[in-house]
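The block underneath contains the structure these notes are about, expressed in structure tokens.
The values are calculated or read from the model by the stated rules, or taken from the named source; none is laboratory data. Worth saying up front: this structure is predicted, and the values here are computed from it rather than measured. As a convention, Cβ positions derive from the backbone with ideal geometry for all residues, glycine included, and neighbour counts pool all protein chains shown. Only protein heavy atoms, including side chains, enter the accessible area calculation; ligands, DNA and RNA are left aside. Shrake-Rupley method; radii C 1.70, N 1.55, O 1.52, S 1.80 Å.
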Amino acid sequence: RLDHLDRPVFVLFDLDPGSATFTDVVTVARKLHDELTAEDRDAVVKTSGKTGLHVLVPWRDAGGYDEARVWALEVATRVAAALPEQATTEIRKAKRNGRVYIDVMQNARGHHAVPPYVLRAVPGATVSTPLKWTELRTDLDPKRFTLRTVPARLARQKHDPMAPLLKE
């Protein structure tokens, strides 16, 4: 928010598949959602517009970016420990061994995140698209959310799936 630039509005968990399958990304996202729910945290999920998923959590705790990133890393570490074959917090690609990287490093002042509904400059013109948690299935294909398909999706929506991020 403009009046509090030293405090994040949300915390981002960027689920980067690397060479992992999208099924593994979905598994990690569901486990992350379980962890967040156990902490009584709201969370929203969206496609990254490329091959991964983003899970965003409103930041209402005391502290700023450093505290948010520390908390996010603690949660990511628990998820990776619970799913050692599918998830990692290892930043070096060579050490990920085909696991989904749970990236929390963008939770820093001046870093950016891909906003919802952004058209990505990739073949197929995919769009970073908010999802309902019920849509997060192993047969979900993030490539189906494109410049051509997302406007009709928006027209059918009755509620903004990103609204939990805006609650005060």
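Things worth noting here:
- Residue count for segment 123-168, restricted to those that are farther than 15 Å from GLY49 by Cβ, in a loop (DSSP other than H, G, I, E, B) and hydroxyl-bearing (Ser, Thr, Tyr): 1.
- Across segment 2-36, the qualifying residues are those that are part of a loop (DSSP other than H, G, I, E, B) and in contact (Cβ under 8 Å) with a residue 60 or more places away in the chain, and the one among them that is surrounded by the fewest Cβ atoms within 10 Å (Cβ to Cβ) is ASP6.
- ASP103 among the acidic types (Asp, Glu) and open to solvent by less than 60 Å² (accessible area, probe 1.4 Å): yes
- Residue selected from segment 106-126 under the condition touching a helix residue (DSSP H, G or I) at 6+ places or on another chain (Cβ under 8 Å) and more than 27 Å from ALA68 (Cα to Cα), by the criterion surrounded by the most Cβ atoms within 10 Å (Cβ to Cβ): THR126
- The set of residues in segment 37-50 that are within 19 Å of ALA80 (Cα to Cα), touching a residue at least 40 places away in the same chain (Cβ under 8 Å) and open to solvent by 60 Å² or more (accessible area, probe 1.4 Å) is empty.
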